[in-house]
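Trainee: Let me begin by handing over the structure; questions about it come next.
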Amino acid sequence: MFGEQQRFVLLLIAPAALLLLLFQVVPIVIGANASFRDWALYNPKKTWIGFDHYAAVISDPAFLYVVLPNTFLFMVLSVAGALVAGLMLALLLNRPFRGQKLVQTILLVPLMVAPVVAAIMIRWIFNDQFGIVNVVLEAIGLEGQPWLVQRWSAFGIILLTDIWLWTPWFTLLLLAGLQSLPKEPFEAAAIDGTTTWRVFRFLTLPMLRPVIVVCVVIRAIDAFRTFDIVWTLTGGGPGRSTELFSLYAYVHAFLNLDLGRGSAAAIIGGLIILVIGVVLYRLVDRIAKA
Amino acid sequence: MPIVTRPDFLPGLPKWSRKTLFALALLGICFAFAFPVLWLILTSLRPESGVYYVHRGTEFTLSSFAEVLSDERIVGAFLNSALISTLATVFSLLVTVSSGYMLSRFTGPAPRIWFGTIYVFRCVPYISWVLPLYFVTQSWGIYDTYTGLLLPHIAVHICFFSWLMKGFFDGIDPSMEYAAMIDGCTRWGAFIRVAVPSALPAISALAVLCWLFTWNEFLFALILTGNRVPMITVVMAQFVTEMGLRWNLMAATAVMALVPAFLIALFGQKYVIRGLRI
């Protein structure tokens with residue numbers, strides 16, 4: 001039926017495609033099916049109720065006014081923060097100096113730390129009674145804060161943890177990008193006596209743009225689904241004020257035991273990120289071709 | 001005149017102050033990235049009575065580690081995590097190296113469709129398929145077993161790693177494979193004996209990343225396991241709620257969870273850094 005080459009091509013992807021089908025496609029279809037049914041975990045009637053769950057999620061003020069804004073704010077700020085910090089570090093480290101290897105190794109530390117462990121660390125550091133941050137603040141005469149039980153300080157700490165975890169990725173990828181740039185334009189600029197800022201603005205940044213865009217796309221899509229650090233740091237609290245989209249779906253499915261509603265939320269989130277993903281892909285494609 | 005290709009750090013200042021400021025900046029960076037981990041290690045070494053005043057006192061002890069190591073559940077979780085991470089790395093590489101090779105070496109509708117598929121499924125948030133996967137694994141009778149945990153952990157990396165592998169193979173000149181095929185090698189021979197060995201540095205980088213990702217993974221382990229095959233990340237997260245006040249034990253467990261990841265990363269550092277240069 002197939003030629004020799006087609007058989008080879010299909011066999012190469014067959015195991016991957018099979019796994020993808022069984023463990024992503026099938027569950028997504030089952031989840032989509034559950035999202036249209038009255039499917040409480042304690043009483044799975046499984047009767048068809050149409051778009052009721054979707055209507056309930058979309059009209060839920062917690063989803064509309066807390067979860068969605070939180071998710072987008074988190075996505076934008078975490079990517080922007082890690083990008084700016086990573087770019088600054090990459091520029092700083094892009095020169096030979098003594099101890100370069102050591103600094104590089106220390107920068108790799110957050111890559112090895114599980115997000116759950118990072119969250120535990122940060123929770124301990126910001127503990128309201130015994131955390132070192134409050135101890136230091138009180139030692140210099142300021143007032144310690146109950147960091148994790150106020151909405152915006154909790155959100156800020158989640159953000160900080162995420163940026164701490166991901167800045168090294170940006171640094172390493174951008175540093176690799178910087179080191180593979182051609183030398184000639186920079187030499188020409190140096191001979192012309194161009195200022196550092198203008199070199200950065202008109203040479204480094206445009207030439208680095210493809211690397212930056214790829215980093216941002218990968219990271220933005222991952223940031224949208226963040227679960228573990230929020231779960232461990234605040235559990236979505238205080239109240240539900242730091243809930244992100246993944247937590248919302250999880251809480252509805254496994255804590256409120258309403259699988260239908262949780263699945264509907266998961267599908268809505270999936271659709272949102274899919275649209276963002278496709279738009280971002282177009283953007284990468286345009287920039288790569290330009 | 002030496003040609004400066006890299007802009008100076010803070011040009012315009014005298015050289016000695018530039019050097020000092022640069023050193024201070026480096027020190028600050030190292031501090032920011034290392035401090036939380038150092039603080040965790042320090043906490044884990046304090047006795048129970050001293051844990052609330054980590055910054056004061058000079059008593060240190062390994063008793064927290066001893067207590068953690070005598071807890072069967074935690075030790076079991078460590079072994080589970082290590083086993084699943086290792087197996088997931090092996091199988092996920094077997095599957096994604098060939099898939100990335102296909103994406104890199106062939107053109108036409110099949111590779112185009114496959115690339116579109118993996119891009120779309122890479123975007124799908126984990127929660128959207130792990131939530132129903134809970135039921136899928138239950139109805140297949142593999143919920144809370146090694147199989148039920150291992151297979152999703154392999155599936156999760158297919159998209160991203162196929163994509164990365166494509167990039168690696170794109171950077172390798174295919175003419176050696178053509179030469180091998182002209183000399184009578186089959187397609188499989190050219191792939192396994194020529195292409196894979198030349199991609200070995202990239203494959204090592206991917207192996208390190210895959211092991212770290214699986215070891216650090218949380219959501220899958222949370223949803224897909226009950227009591228029989230707990231993973232270390234889940235056990236730790238339960239700690240936060242169950243033993244909220246025993247910070248020395250929590251820190252000791254967290255430090256122990258860091259050690260294997262550190263060893264793997266230190267050993268694999270040069271591969272990862274070389275591999276990221278695509």
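The values are calculated or read from the model by the stated rules, or taken from the named source; none is laboratory data. Everything numeric here is computed off the predicted structure, so don't read it as measured data. Neighbour counts run over all protein chains shown; Cβ positions are idealised from the backbone, glycine included.
Trainee: If A:R240 satisfies every condition in (1) within 11 Å of another protein chain (Cβ to nearest Cβ); (2) not in a helix (DSSP H, G or I) but one, which is the exception?
Mentor: Unmet condition: (1).
Trainee: Shifting gears a bit: Among (1) more than 7 Å from chain A (Cβ to nearest Cβ); (2) closer than 25 Å to B:E72 by Cβ, where does B:L209 come up short?
Mentor: (2)
Trainee: Working only within the stretch B:25-48, note down all residues that are assigned to a helix (DSSP H, G or I), touching a residue at least 12 places away in the same chain (Cβ under 8 Å) and buried (at least 17 other Cβ atoms within 10 Å of the Cβ).
Mentor: Scanning the stretch B:25-48 gives B:V37, B:W39, B:L40, B:T43, B:S44.
Trainee: With (1) within 13 Å of chain A (Cβ to nearest Cβ); (2) without any contact (Cβ under 8 Å) to a residue 40 or more places away in the chain as the list, and B:G184 as the residue in question, which single condition is left unmet?
Mentor: (1)
Trainee: Here's a follow-up. Suppose we filter B:A257, B:A221, B:A265, B:A251 for residues that are surrounded by fewer than 22 Cβ atoms within 10 Å (Cβ to Cβ) and at the interface with chain A (Cβ under 10 Å from one of its Cβ atoms); which single one remains?
Mentor: B:A265
Trainee: Right, here's the next one. So, in the stretch B:165-177, exactly how many residues are surrounded by fewer than 19 Cβ atoms within 10 Å (Cβ to Cβ), within 12 Å of chain A (Cβ to nearest Cβ) and assigned to a helix (DSSP H, G or I)?
Mentor: 1
Trainee: Just name the residue that is surrounded by the most Cβ atoms within 10 Å (Cβ to Cβ) out of those in the stretch B:129-153 that are within 7 Å of chain A (Cβ to nearest Cβ) and touching a residue at least 12 places away in the same chain (Cβ under 8 Å).
Mentor: Checking each candidate, the answer is B:L131.
Trainee: Could I ask something else about it? Residues being at the interface with another protein chain (Cβ under 10 Å from one of its Cβ atoms) and either closer than 18 Å to A:D38 by Cα or touching a strand residue (DSSP E or B) at 6+ places or on another chain (Cβ under 8 Å) (or both): count how many of those fall in the stretch A:249-290.
Mentor: Residues in the stretch A:249-290 being at the interface with another protein chain (Cβ under 10 Å from one of its Cβ atoms) and either closer than 18 Å to A:D38 by Cα or touching a strand residue (DSSP E or B) at 6+ places or on another chain (Cβ under 8 Å) (or both): 12 in total.
Trainee: Identify, please: which residue in the stretch B:89-128 is among the basic types (K, R) and either farther than 30 Å from A:S35 by Cα or outside any helix (DSSP H, G or I) (or both) and is, among those, nearest to the other protein chains (Cβ to nearest Cβ)?
Mentor: Filtering the stretch B:89-128 for residues that are among the basic types (K, R) and either farther than 30 Å from A:S35 by Cα or outside any helix (DSSP H, G or I) (or both), the one nearest to the other protein chains (Cβ to nearest Cβ) comes out as B:R105.
Trainee: Tally time: how many residues in the stretch A:114-153 are touching a helix residue (DSSP H, G or I) at 6+ places or on another chain (Cβ under 7 Å), assigned to a helix (DSSP H, G or I) and under 29 Å from B:M256 (Cα atoms)?
Mentor: Adding up the residues that qualify gives 15.
Trainee: Can you give me the ranges of the helices (runs of 4 or more DSSP H) entirely in the stretch A:31-113 with at least 2 residues that are under 15 Å from the mean Cα position of the chain (by Cα)?
Mentor: Ranges flagged: A:68-93, A:100-112.
Trainee: A:A34 passes all but one of (1) surrounded by 13 or more Cβ atoms within 10 Å (Cβ to Cβ); (2) modelled with pLDDT of 85 or more; which number fails?
Mentor: That leaves (2) as the condition not met.
Trainee: Just wondering, is there one or more residues in the stretch A:222-233 that are surrounded by fewer than 19 Cβ atoms within 10 Å (Cβ to Cβ), in a helix (DSSP H, G or I), within 9 Å of another protein chain (Cβ to nearest Cβ) and among the hydrophobic types (A, V, I, L, M, F, W, C)?
Mentor: No.
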